[in-house]
Amino acid sequence: MRFAFLCRDKPEPSNRKIAIIGAGPAGLSATGYLVCHGHEVHIFDKLPEPGGLMLFGIPEFRIPISRVREGFAELRDIFGVKFHGRTKIVFGNKPDEGDSFVDEFIEFDKLIKDFDAVLIATGTWKSIMPKIEGGDLKGVLPALSLLFKIKCARLGYISWDNITPLKEKTVVIIGAGHTAVDVAIECMSLGASKIYMCYRRTILEAPAGYHEINFLKNRGVIWYELSMPTRIIGENGNVKAIELQQCKLSKPDKNGRRYPIPIENQFVTIDTNYIIYAIGQKLTPPFQQDIDVKLDDWGRIIVDDLHMTSREGIFAAGDIVIGPSKVGRAIQDGLYAAEGINYWLMGEQS
Amino acid sequence: MKKVLFIDYNRCIGCETCQSICEFIHRDKPFIKIFQTSTGLSIPITCHHCENAPCLNICPTKAIYKDEDDAVIINTEKCIGCYMCLAVCPFGIPSFDIRIGAMNKCDMCADRRKRSLAPACSEMCPCVAIFFGEPQALEQTIKAKIAEELA
């Protein structure tokens, strides 16, 4: 990926320094735009390598690892972009747990002092988890963190011993979007013996599309449509089974959408080792305390026409602004934010 | 020298990077667009710059021509907006641009090619689904890639 697709060579330096928090699609495309306008860019990310979800979430068979790596190598070697990996930007708050890769913590205020502009592009990393009976049992997993760990192992950052053992295991995947499909394919390749996929509507409504679900069915995935988890049954703290409520679809509402309606007293129980939730991502604003960056009711960062937040000189882009979305949307948002930063820094001469 | 913009539909994951980049460059009017089919497949639709281009052949004002890289280009000054090009295009590509009052479409990033840059969609596609180059070199790349995957 040529993130710096707008130019070929490094232009005259502008003597402006920009810090970008988050090296995913939005952060990297913004970087590409900014270096083509002569700015010095430093990217900070808590992971050891740039790429964000393109590298650490989306499986290799969809986006080749080499493609993302080549893209960043050009930014680094031709345009002098500095990547500060394993580095977390903290907002006065205590470090979170589980930042296992992080070696260094940098205060947000220090970043503001050291740079002419700051772009927040930290994305959406938290999986939505159910609030049902048994939801806290061992073996109930968020899809993204499983995909993340698998990718970390494939990239050589952690040992395969740290991955939930899937060989000869039964897995129930909840959801029918792209993440659910990716998890199913990874479970297959890691030797799961039985894979169920449960969705509350039918194959025709599946967000990943009929084609992908059918592909999985042909590969042996057991497709349970019109079923909703009601409770997870445990044994000694581990998952033992899941109970699913059978549903039927309502008549289409005025938007043409059909909703699942539970059918009274119709339940199915499936014995399983793991339950993997792939029902979407939650927004994760990187700050816990008020740093004068305003959020909307959904937790998204509010930005103006230049992609500037409510705080002067602090910009935001990607999923953190638009909500969980496709790679392309994040890339475009990063470009528009970079355009805004350039205009804000350089004015009419930009 | 003839250049080709080839899309390998099998490699496309529907991430819409091509469309987003094209939209960014062309200010809200992307010339490559991803369509979700009723079976749930994502198909990028854009001009194929055909060798024997029906649009070029049928245009009554000869507004469509091929440039030095064999890209099929609409001269918007000559275009009368009669839609004949769209009528014969197997991919439904030419699109009436209200802002200029003429048909318009992908020009294989003509401005970029003048600066020795490849079309933006091909440079940014995360999945290597969009290939650009001279026919022989491009076919060689694709075959080598497939050999790599078969191994």
Given B:78/B:105; A:149/A:248; B:29/B:145; B:66/B:105; B:3/B:114, the pairs whose alpha carbons are separated by over 24 Å: A:149/A:248; B:29/B:145
Unpaired by the 4.7 Å Cβ criterion, cysteines found in chain A: A:152, A:187, A:198, A:247
Nearby lysines by direct alpha-carbon distance to residue A:294 (threshold 22 angstrom, same-chain neighbours under 8 apart not counted): A:88, A:94, A:110, A:113, A:126, A:282
Average beta-carbon neighbours from other chains, 10 Å sphere, peptide B:37-50: 2
Alpha carbon centroid spacing (whole Å) that separates the range A:248-303 from the range B:45-68: 47
Bins of 10 Å from zero: percent of alpha-carbon pairs in chain A: 5, 23, 29, 23, 14, 5, 1, 0
Cleavage-rule hits (GluC sites (Glu not before Pro)) in the range B:15-94: DSSP loop, at most 14 neighbouring Cβ within 10 angstrom: B:51, B:68, B:77
Mean residue ellipticity (222 nm) of the protein assembly as shown, computed from DSSP H runs ≥ 4 via -39,500 (n - 2.57), nearest 500: -8000 deg cm²/dmol
Residues listed by number, the range B:50-89, amide nitrogen under 16 Å from residue B:134 label point at 7 Å toward C-beta: B:68-71
Whole-Å semi-axes of chain B's equivalent ellipsoid (Cα gyration tensor): 26, 18, 15
Between the range B:1-15 and the range A:1-68, the alpha-carbon center distance in angstrom: 23
The protein assembly as shown - charge dipole about Cα centre, Lys and Arg +1 at Cβ, Asp and Glu -1, debye rounded to 20: 1040
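The numbers here are math on the coordinates, done by the rules we state, and not lab data. Not measured: the values here are computed from a predicted model. Positions of Cβ are generated from backbone atoms using ideal geometry, with glycine treated the same way; all protein chains shown enter the neighbour counts.
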